[in-house]
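Asks: Sharing a structure, written as structure tokens. Questions coming.
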Ligand code: ZN
């Protein structure tokens, strides 16, 4: 179990240090910013959505390793998915990090590598770091523009 735990920590540290899909997305048609003042995490998410499918996604900003890793891994997890599948994935992720029940059903996408964030459940402050980018994503898809704050 401790081996598994250190593997998880390595994955978070790796994505925190070298975030994937980092930077602006020139042809984005959805965007939103997220702010977690409790920790100092700030990020902006850019998406190109066509025919209800996330064709491309990038983010920029600065924050702790957990918020950066969560954003980095989110971009990998949602690219190519329908907005409906993305919503189901968010539901599963939220249940994972809060210890709640997922209501998204059996046909929801698997969390895969995102399961490394299960450990934040024990640290309520860190739950905000891990979910910031997801709340920002939901806001971007529903409203396009604006800022989400955890406080
Ligand atoms: Zn943070």
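Asks: Name the pairs whose Cβ atoms lie under 6 Å apart, with the first residue in segment 8-37 and more than 15 Å from residue 74 (Cα to Cα) and at pLDDT 95 or above, the second within 16 Å of the ligand (Cβ to nearest atom) and assigned to a helix (DSSP H, G or I), and 6 or more positions between them or separate chains?
Replies: 36/128; 36/132
Asks: Something else: In segment 48-76, what residues are under 22 Å from residue 87 (Cα atoms) and over 13 Å from the mean Cα position of the chain (by Cα)? Full working, then the answer.
Replies: First, pick out the residues of segment 48-76 that are under 22 Å from residue 87 (Cα atoms): 48-60, 66-76.
Within segment 48-76, 48, 49, 50, 51, 52, 53, 54, 55, 56 qualify.
Asks: May I pose another question? Which number in (1) free of Cβ contacts under 8 Å to residues at least 12 places away in the same chain; (2) touching a helix residue (DSSP H, G or I) at 6+ places or on another chain (Cβ under 8 Å) marks the one condition that residue 69 misses?
Replies: Unmet for residue 69, out of (1) free of Cβ contacts under 8 Å to residues at least 12 places away in the same chain; (2) touching a helix residue (DSSP H, G or I) at 6+ places or on another chain (Cβ under 8 Å): (1).
Asks: Right, next: Given the residues 98, 82, which is the only one that is surrounded by fewer than 18 Cβ atoms within 10 Å (Cβ to Cβ), at pLDDT 90 or above and touching a helix residue (DSSP H, G or I) at 6+ places or on another chain (Cβ under 7 Å)? Before the answer, list the steps.
Replies: Details: 82 fails: touching a helix residue (DSSP H, G or I) at 6+ places or on another chain (Cβ under 7 Å).
Going through 98, 82 in turn, just one is surrounded by fewer than 18 Cβ atoms within 10 Å (Cβ to Cβ), at pLDDT 90 or above and touching a helix residue (DSSP H, G or I) at 6+ places or on another chain (Cβ under 7 Å): 98.
Asks: Residues in segment 35-52 that are touching a helix residue (DSSP H, G or I) at 6+ places or on another chain (Cβ under 8 Å) and surrounded by fewer than 16 Cβ atoms within 10 Å (Cβ to Cβ): how many?
Replies: 2
Asks: Follow-up. Could you run through segment 1-41 and say how many residues are outside any loop (DSSP other than H, G, I, E, B), under 22 Å from residue 87 (Cα atoms) and either within 16 Å of the ligand (Cβ to nearest atom) or over 17 Å from the mean Cα position of the chain (by Cα) (or both)?
Replies: 4
Asks: While we're on this one: Checking residue 134 against (1) over 18 Å from residue 39 (Cβ atoms); (2) out of contact with any strand residue (DSSP E or B) (no Cβ under 8 Å at 6 or more places or on another chain), which single condition isn't satisfied?
Replies: (1)
For (1) over 21 Å from residue 20 (Cα atoms); (2) modelled with pLDDT under 95; (3) part of a helix (DSSP H, G or I), each residue gets a yes or a no:
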| position | (1), (2), (3) |
| --- | --- |
| 67 | no, no, yes |
| 76 | no, no, yes |
| 102 | yes, yes, no |
| 106 | yes, yes, no |
| 110 | no, yes, no |
| 115 | no, yes, yes |
| 136 | no, no, yes |
| 140 | no, no, yes |
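The values are calculated or read from the model by the stated rules, or taken from the named source; none is laboratory data. For clarity, every value in this text was computed on a predicted model and none was experimentally measured. Neighbour counts are summed over all protein chains in view; Cβ atoms, including those assigned to glycine, are modelled from backbone coordinates with ideal geometry.
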